[in-house]
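J.: This is the structure I have questions about; it appears just below.
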Amino acid sequence: MLLGCIFLVFFQLIFRIGNQSNWQLIIIQLRLPRLIFELGTGFAIGLSALLLAATLRQPYLDGSMIGIASGSELMIALITVLVPNSLIYRVLVGTVAGILCLLLLRGSIFKYHNHVLFLVIGGFCLAMFFNALTTILTESSGWTGKSLANVTWLDVGWLVLIILVAIVSWRKNSRYLQYFALPELQTKQLGIDEAKIALNLQLIAAGLLGAVTAVLGTVFFAGVVINQLIREYTHLGIIARIPFVIVFSILDVLLADTVAHFIFYPTELPTNAVLLVLLAPAFLLLLTRWSRAV
């Protein structure tokens, strides 16, 4: 996976660049910020999915399926229509929107997380509602989200800052993640404040997912498919699985954006749509393996 990531990084930087007279400008102003943002996007999607699945104790859910990503996308649509000049801060706005959606969910749907069906249906309803509002708002606005083609250095700067804050917060709370592999009764007996730890970890996940969704758009099932693939083929615990999930997520995003950018070059495809297409066979593979285990 690491070799695949390295190959795609160099491919994106140098492909179709040899005959360009202004190749230095193209690399520095266009390709390099886009590439860094892809790496951050993969990191955010992978880690957020694992944290939400672990703290909710529901391995088949991620932030796209319960409305966090869609809420961030809706907020970007709102500022596109109402305050378009604020779009230069879209990554920060997406982070705030993701956190606000998380707090909304914790006050409503999350408190019933032991009732799996309610959590799934409630989360999907909220996500679909946010998506419907986004479509209505952007129908005639000329909004061209859902692609990494217009990533700027300011976007990269905000994303790097948000990831650094997330890492600092993660270092303070990471040791508690392993306890979510235990039943809730046991964590209570150990004297662990599970609600507080879950909130801290979910805030990290929501902030990261909101930041990248502000540019990429909502990618349904991506996080849960990546997490479950690594779980299925490595059989590792939560903590040990983190680096594999992150690297595989980065590889998927790099591959999706490479295809989106170059397959019909210079025409761009929506990166999130290509990512969904690439992950669809993996999702079918998981369904096949699960059906055999039943």
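The values are calculated or read from the model by the stated rules, or taken from the named source; none is laboratory data. Remember, predicted model here, so these are calculated numbers, not experimental data. All Cβ positions, glycine included, derive from the backbone under ideal geometry; neighbour counts span all protein chains shown. For accessibility, only protein heavy atoms count, side chains too; no ligands or nucleic acids. Shrake-Rupley method; radii C 1.70, N 1.55, O 1.52, S 1.80 Å.
J.: So Leu105 ticks every box in (1) open to solvent by less than 60 Å² (accessible area, probe 1.4 Å); (2) modelled with pLDDT of 85 or more but one. Which box is left unticked?
T.: For Leu105, the exception is condition (2).
J.: Could I ask something else about it? Return a yes/no flag: does region 190-209 have any residue that is part of a helix (DSSP H, G or I), at pLDDT below 85, farther than 30 Å from Leu87 by Cβ and charged (D, E, K, R).
T.: For region 190-209, residues part of a helix (DSSP H, G or I), at pLDDT below 85, farther than 30 Å from Leu87 by Cβ and charged (D, E, K, R): present.
J.: Which of the following residues is open to solvent by less than 40 Å² (accessible area, probe 1.4 Å) and more than 18 Å from Ile167 (Cβ to Cβ): Ile263, Ile226, Ile250, Ile204?
T.: None of the other options fit; the residue is Ile226.
J.: From Ile36, Ile27, Ile6, grab the single residue that is modelled with pLDDT of 90 or more and open to solvent by 10 Å² or more (accessible area, probe 1.4 Å).
T.: On the way: Ile27 fails: modelled with pLDDT of 90 or more; Ile6 fails: modelled with pLDDT of 90 or more.
One residue alone meets the criteria, Ile36.
J.: Further question on the same structure: Please tell me if Ile162 is of a type outside the set (Asp, Glu), crowded, with 18+ Cβ neighbours inside 10 Å and more than 30 Å from Ile26 (Cβ to Cβ).
T.: So Ile162 fails the test.
J.: Right, another one. Can you tell me which condition Thr258 does not meet? The list is (1) under 19 Å from the mean Cα position of the chain (by Cα); (2) open to solvent by 50 Å² or more (accessible area, probe 1.4 Å), and all the others hold.
T.: (2)
J.: Any residue in region 177-188 that is of a type in the set (S, T, N, Q) sitting within a Cβ distance under 6 Å of a residue that is assigned to a helix (DSSP H, G or I)? List the pairs, counting only those 6 or more apart or interchain.
T.: These pairs meet every condition: Gln178/Ile239; Thr187/Tyr179; Thr187/Glu194.
J.: Only residues that are more than 15 Å from the chain's Cα centre (by Cα) and of a type in the set (Val, Ile, Thr): list them for region 261-282, please.
T.: Once the filter is applied, which keeps residues that are more than 15 Å from the chain's Cα centre (by Cα) and of a type in the set (Val, Ile, Thr), region 261-282 yields Ile263, Thr267, Val277.
J.: Determine which member of the set Phe264, Phe244 is of a type outside the set (A, V, I, L, M) and either without any contact (Cβ under 8 Å) to a residue 12 or more places away in the chain or outside any helix (DSSP H, G or I) (or both).
T.: Result of the check over Phe264, Phe244: Phe264.
J.: Restricting the search to region 76-91, which residues are modelled with pLDDT of 90 or more and either more than 9 Å from Ala214 (Cα to Cα) or open to solvent by 60 Å² or more (accessible area, probe 1.4 Å) (or both)?
T.: Tyr89
J.: Let me ask you something else. Name the residues in region 266-294 that are under 17 Å from Leu148 (Cα atoms), exposed (fewer than 15 other Cβ atoms within 10 Å of the Cβ) and modelled with pLDDT under 85, would you?
T.: Pro266, Thr267
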